[in-house]
Amino acid sequence: MATRNVLWNYSKKIFTFGLIGLTASDSLASISVVRGASMSPTFNPSTSGFMGLRTDDCVLVEKTCLVKYKFSHGDVLPSNHKEKHIKRIIALPGDWIGIRHCSDVRRIPEGHCWVEGDNPSSSMDSNSFGPIPLGLVKGRVTHIVWPPQRIGAVEKRIPSDRGQAF
Amino acid sequence: MGVLNYMSQWRSLAKEAMDRTAIVAKFLCLLHVTNTYVCSSTLVYGPSMLPTLNVTGDVVLAEHVSHRLGKVGLGDLVLVRSPGDPKKTVTKRVVGMEGDKVSFFVDPMSSDICRTAVVPKGHVWIQGDNAYVSNDSRHFGPVPYGLIQGKVFLRVWPLDSIGFLGE
């Protein structure tokens, strides 16, 4: 009877902890791992790390910006296209953007944004699938939390060749 | 002695306040989790789903399990985050899944031009039941699957038409 009680208490505690954790990660912030080299100068700068071990960066994803859907140019965000991607916002609704590799200029429709990776050579981004709805955005990356020598804030910037020339 | 007494009283009061707050916080967390992961109620209004849902406003229950498991199929009523304005949620019916060919009237009010579109990978085609006044995939194209928020399955208000919303 006693062991059952202990088990019951433990499961109650785990359940409460899970509830609070889930709520916090949904509405405040969560931590996710960056894979791949599409954001290469910002995250995962070297493809092969110490002794061939690859170290993937962990980043802090802030969710409070989702309440108002207010983003600015140069924000880094993970967006969901069935699997998650981390990209940088290049253009917001109403902006004009020139597409890479061809001379087209197009306008971003209402409620959409244009996202690109920082590494133009290996990135699957809006240049291949077009503008994405802001509703798919899952949060904003604000800090790198792991590995320890790279802890710090992620700065907002727009790649120099993608300036707002239009 | 009086100070000590006062201190202990104050301490028990603070402890009780903390306990109460913790209970409320836990309850709010539970509410949030059920709302986002299990099922939530939504007020749907507007003429776009007319024969199925009323103009004046129906309260419907939507479950948030099947779209995570990829079990949303043809004919389901879904809650979709509007592609034009991410703060709004719209209720529409899934008419085409990825790879399907969808034929639709561009503007059934004034002309009967019929167009056919193929739904790309990872997208769904959503339309309102009332083709005349619905702002749906015929205007903004197929929507990404990730925008689906839930599947509507039960109407709870008005009370006289309570029941499951099937195909």
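Filtered by the rule that a residue be more than 11 Å from chain A (Cβ to nearest Cβ) and within 13 Å of B:Leu77 (Cβ to Cβ), the stretch B:136-152 gives B:Asp136, B:Gly150, B:Lys151, B:Val152.
Taking (1) at pLDDT below 80; (2) within 14 Å of chain B (Cβ to nearest Cβ); (3) within 27 Å of B:Gly70 (Cβ to Cβ) in turn, A:Lys68 satisfies each apart from (3).
Please work out if B:Val119 is at pLDDT 85 or above, of a type in the set (Val, Ile, Thr) and touching a His at 6+ places or on another chain (Cβ under 8 Å). Here the answer is no, as B:Val119 does not meet what is asked. For the criterion of being outside any loop (DSSP other than H, G, I, E, B), open to solvent by 40 Å² or more (accessible area, probe 1.4 Å), β-branched (Val, Ile, Thr) and within 21 Å of B:Asn130 (Cβ to Cβ), B:Val80 fails. Evaluate the following for B:Leu50: is it crowded, with 16+ Cβ neighbours inside 10 Å, over 30 Å from B:Lys121 (Cβ atoms) and more than 13 Å from chain A (Cβ to nearest Cβ)? So B:Leu50 fits the description; yes.
Within the stretch A:6-15, the presence of a residue that is surrounded by 12 or more Cβ atoms within 10 Å (Cβ to Cβ), of a type in the set (Val, Ile, Thr) and within 21 Å of B:Leu31 (Cα to Cα) is excluded.
For the stretch A:1-54, give me each residue that is at pLDDT 75 or above, closer than 30 Å to A:Arg157 by Cβ and of a type in the set (A, V, I, L, M). Hits for the stretch A:1-54 are A:Ala24, A:Leu28, A:Ala29, A:Ile31, A:Val33, A:Val34. When the stretch A:16-44 is filtered for residues that are within 14 Å of chain B (Cβ to nearest Cβ) and open to solvent by less than 60 Å² (accessible area, probe 1.4 Å), the ones remaining, listed by number, are A:Thr16, A:Gly18, A:Leu19, A:Gly21, A:Thr23, A:Ala24, A:Ser25, A:Asp26, A:Ser27, A:Ser30. Considered as a group, the residues in the stretch B:93-135 that are in contact with a Lys or Arg (Cβ under 7 Å, 6 or more places away or on another chain), closer than 18 Å to B:Met49 by Cβ and away from chain A (no Cβ under 14 Å) include one that is surrounded by the most Cβ atoms within 10 Å (Cβ to Cβ), and that residue is B:Gly128.
For B:Val60, the requirement of being assigned to a helix (DSSP H, G or I), closer than 30 Å to B:Gly122 by Cα and open to solvent by less than 30 Å² (accessible area, probe 1.4 Å) is not met.
The values are calculated or read from the model by the stated rules, or taken from the named source; none is laboratory data. Remember, it's a predicted structure, so these values are computed and weren't measured experimentally. Positions of Cβ are generated from backbone atoms using ideal geometry, with glycine treated the same way; all protein chains shown enter the neighbour counts. We work out accessible area using only protein heavy atoms, side chains counted, and drop any ligands, DNA or RNA first. Shrake-Rupley method; radii C 1.70, N 1.55, O 1.52, S 1.80 Å.
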